[in-house]
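Peer 1: Here it is, the structure, as structure tokens.
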Amino acid sequence: MKKILITVCIIILSYNLQAGRYAGDFMAIGSGVRALGMGGAYSAIADDGSAIYWNASGISQIKEIEFTLMRAFLYEGLAYYDNFNMCYPLPNEVTLGFNWTRLTIDDVPIYSESHLVGTNIDQRAAFEEFQLTAIPDGKFKSTDDLFQFAFSKHFKQTVDLGWFLFDLPIDYYLGANFKYIRRKMMGYIGDGTGFDFSFMAKTNLGILTDVEWLGDISWSLNLQDISNTTLTWDVESRHKDEILFNTKLGLAYFQPINSLDSKLILAFSKDFIYEKIDYFGLAWQYKNFTELRLGWYDQNFSTGIGIELYNIKLDYAFLTNNLGNTNRIGLGFKF
């Protein structure tokens with residue numbers, strides 16, 4: 001099974017170099033543990049460091065310095081997905097963020113088959129020295145790195161709905177991030193830069209509908225790679241890979257359950273790249289101490305749990321995938 005998975009990865013890597021359209025797909029795996037425990041339906045929540053990827057505007061919800069580390073074991077241990085992010089709140093409702101994500105695939109076999117050059121099918125069938133041994137001629141390590149530098153600003157506004165109605169408070173969040181992408185395999189390097197712009201708005205549904213027990217609702221927009229992001233390889237042809245533009249929409253509802261001292265979160269997100277993938281998430285939060293999560297995306301299921309104590313947060317997520325199930329572990333600190 002592992003050999004099959006390795007072969008699949010080699011095909012994907014080769015296709016990236018030839019077609020040049022899916023070079024940034026490693027980023028679509030997504031950073032963070034909480035976000036993936038909710039199936040990736042996180043764009044309209046985006047209230048921790050992983051928001052730099054999902055919706056950078058959301059990091060201005062963070063009011064303390066925050067560091068987060070994550071490791072994901074992908075495809076039955078074939079690949080590793082690591083993430084580090086830091087968010088630093090500033091005065092005037094501004095927050096700066098940094099995010100680093102790396103996908104690593106070790107020991108990918110190389111079959112050069114140079115000894116077959118100049119032979120024909122009859123020679124390869126008749127002579128043992130020309131037949132394939134399934135023994136690799138070598139191995140290489142593939143790494144994909146994403147560096148993001150984010151900025152977010154929080155605005156507050158009260159909308160006057162008329163003399164016979166009421167004033168509606170709305171929170172707006174604007175964000176952007178600059179990204180540097182670097183891919184390395186078989187001694188070759190491809191790199192490039194890109195830019196994302198994001199927006200989120202939040203208000204109280206109870207005030208809007210005059211039903212006091214209703215909670216907050218938020219909606220979001222994340223425009224990813226709006227600057228025609230390309231990666232240029234250091235080969236003689238200066239081959240370029242294109243990273244496709246993506247629009248990510250999100251909607252989330254936060255319902256307080258006062259009798260249980262808890263909160264229920266329902267979330268939806270949609271990507272408009274390739275086949276327009278839908279993401280659904282559900283979380284139940286108890287006393288800001290623990291959170292249980294469920295998610296559904298692209299015919300896959302996810303679940304997770306988070307525990308926070310003394311400004312230290314431990315997160316775990318489990319995701320199903322056709323290439324093998326994934327485990328994610330995250331550790332966060334607030335100061």
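Peer 1: Contact order normalised by length for the chain, with contacts defined as Cα pairs under 8 Å and 6 or more residues apart; what percent is it?
Peer 2: Working: 907 pairs, mean separation 66.8, N = 335.
Relative contact order for the chain comes out at 20 percent.
Peer 1: Would you please give the FRET efficiency between Lys276 and Phe335, computed as 1/(1 + (r/R0)^6) with r the Cβ-Cβ distance and R0 = 41 Å, to the nearest 0.05? Provide the component values of the computation, followed by the final result.
Peer 2: Working: r = 40 Å, r/R0 = 0.97.
That pair, Lys276 with Phe335, gives E of 0.55.
Peer 1: In region 281-299, which residues have a backbone nitrogen under 12 Å from the label point lying 7 Å from Asp261's Cα in the Cα-to-Cβ direction?
Peer 2: Those under the cut-off are 286-290.
Peer 1: So which residue, out of Gly175, Gly250, Gly118, gets the largest mean-square fluctuation from a GNM of the chain using Cα contacts under 10 Å as springs?
Peer 2: Of Gly175, Gly250, Gly118, the most mobile in the Gaussian network model is Gly118.
Peer 1: Let me ask you something else. Sort Met38, Met86 so that the residue with the fewest other Cβ atoms within 10 Å of its own Cβ comes first and the one with the most comes last.
Peer 2: Working: Met38 31, Met86 16.
Going from least to most buried by this count: Met86, Met38.
Peer 1: Obtain the nm distance between the two label points defined at Asp122 and Asp82 by a simple spin-label model: each point lies 7 Å from its Cα along the Cα-to-C-beta direction.
Peer 2: 5.5
Peer 1: Near Lys287, which aspartates and glutamates are there with a Cα under 13 Å away, not counting those fewer than 8 places off in the same chain?
Peer 2: Asp261, Glu308
Peer 1: Could you list Asp315, Asp278, Asp160, Asp234 in order of exposure, starting from the residue whose Cβ has the fewest other Cβ atoms within 10 Å? Display every interim value, and only then the final one.
Peer 2: Numbers: Asp315 26, Asp278 15, Asp160 9, Asp234 12.
Ascending Cβ contact count within 10 Å gives the list Asp160, Asp234, Asp278, Asp315.
Peer 1: Neighbour counts of other C-beta atoms within 10 Å: give me Glu212, Glu76, Glu113 arranged from fewest to most. Don't skip to the answer; put the middle values down first.
Peer 2: Working: Glu212 8, Glu76 14, Glu113 11.
If I rank by nearby Cβ atoms, fewest first, I get Glu212, Glu113, Glu76.
Peer 1: Here's another thing I want to ask about it. Net charge near Lys141, counting Lys/Arg +1 and Asp/Glu -1 over other residues with Cβ under 15 Å of its Cβ? Numbers along the way, then the final one.
Peer 2: Values: positive: Arg102, Lys139, Arg182, Arg183, Lys184; negative: Asp82, Asp106, Asp107, Asp144, Asp145.
Every neighbour counted, the sum reads 0.
Peer 1: Would you please give the FRET efficiency between Tyr188 and Leu323, computed as 1/(1 + (r/R0)^6) with r the Cβ-Cβ distance and R0 = 41 Å, to the nearest 0.05? Write down the numbers at each step before the final one.
Peer 2: On the way: r = 25 Å, r/R0 = 0.60.
The computed FRET efficiency comes out at 0.95.
Peer 1: Taking only Cα atoms, what is the 0 to 90° angle, nearest 10, from helix 2-19's long axis to the longest principal axis of the chain?
Peer 2: It works out to around 80 degrees.
Each value in this text was obtained by applying a stated rule to the coordinates, not by laboratory testing. No experiment lies behind these values; they were computed from the predicted model shown. Here Cβ is always computed from backbone atoms with ideal geometry, including for glycine, and neighbour counts include all displayed protein chains.
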